[in-house]
Amino acid sequence: MNMGGQQVTFVTVTENLAVRDKYNKPTLVRTEVSVPGCRFRPLKASEKIDLGLNTLKDPWKCTAPPVAAVMAMTSIDEVKCDGVTYQVVGGDRTYPDERGRPYKSTLYVERQEG
C-alpha cells in the first residue's frame with residue numbers, strides 16, 4: 001500500500017565486535033534499505049538558547065508501508081530523506097487493518113543541530 005510518493009532510506013545501525021576503533025569501541029555498521037511509497041513530513045520544531053549555545057530540535061514523522069526494514073527500526077537507527085539524516089526517536093508503531101494485518105508503520109525521527 002502506498003502511504004505517499006516519497007522514497008525514504010531506513011538505516012539499521014549495528015556494532016561490529018570484531019573491529020574496534022582506537023578507543024576499543026566496536027565500529028558501527030550501517031545497512032541501508034530504500035523504501036518507496038512513504039510520506040515524510042515535519043512536525044513543530046523547537047529552539048533553545050542557553051549560555052550562548054543554540055540547540056535546534058527538528059522532529060519529523062514518517063508513515064511507510066509495513067515492510068521488514070521499517071518494522072525493525074529502533075532508537076539507535078537512522079532515517080535518510082532528501083540527503084538529510086535523522087535519528088529515530090523511540091521505535092516503529094505498526095497499525096493493523098480490520099483483519100489484524102499490518103496496514104502502515106509510523107516512525108518519529110528528529111534532526112538536532114547545535
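The values are calculated or read from the model by the stated rules, or taken from the named source; none is laboratory data. Because the structure is predicted, anything quoted here is derived from the model rather than measured. Note that each Cβ is placed from the backbone with ideal geometry, even for glycine, and that neighbours are counted across all protein chains shown.
Worth a mention:
- The residue that is surrounded by the fewest Cβ atoms within 10 Å (Cβ to Cβ), among those in the range 64-88 that are among the β-branched types (Val, Ile, Thr) and touching a Leu at 6+ places or on another chain (Cβ under 8 Å), is 88.
- Within the range 2-114, strands (runs of 3 or more DSSP E) holding 1 or more residues that are modelled with pLDDT under 90 and more than 12 Å from the chain's Cα centre (by Cα): 6-20, 46-50, 53-64, 102-113
- Members of the range 44-56 that are among the charged types (D, E, K, R) and closer than 21 Å to residue 79 by Cβ: 44
- Evaluated against (1) buried (at least 19 other Cβ atoms within 10 Å of the Cβ); (2) touching a residue at least 24 places away in the same chain (Cβ under 8 Å); (3) not hydroxyl-bearing (Ser, Thr, Tyr), residue 92 falls short on exactly one condition, (2).
- Scan of the range 11-43 for residues that are small (Gly, Ala, Ser) and under 13 Å from residue 79 (Cβ atoms), ordered by number: 34
- Qualifying residue in the range 27-35 (condition: more than 21 Å from residue 71 (Cβ to Cβ), loosely packed, with under 11 Cβ neighbours inside 10 Å and of a type outside the set (Lys, Arg)): no
- Selection of the range 16-41 for residues being touching a residue at least 24 places away in the same chain (Cβ under 8 Å) and among the β-branched types (Val, Ile, Thr) yields 33, 35.
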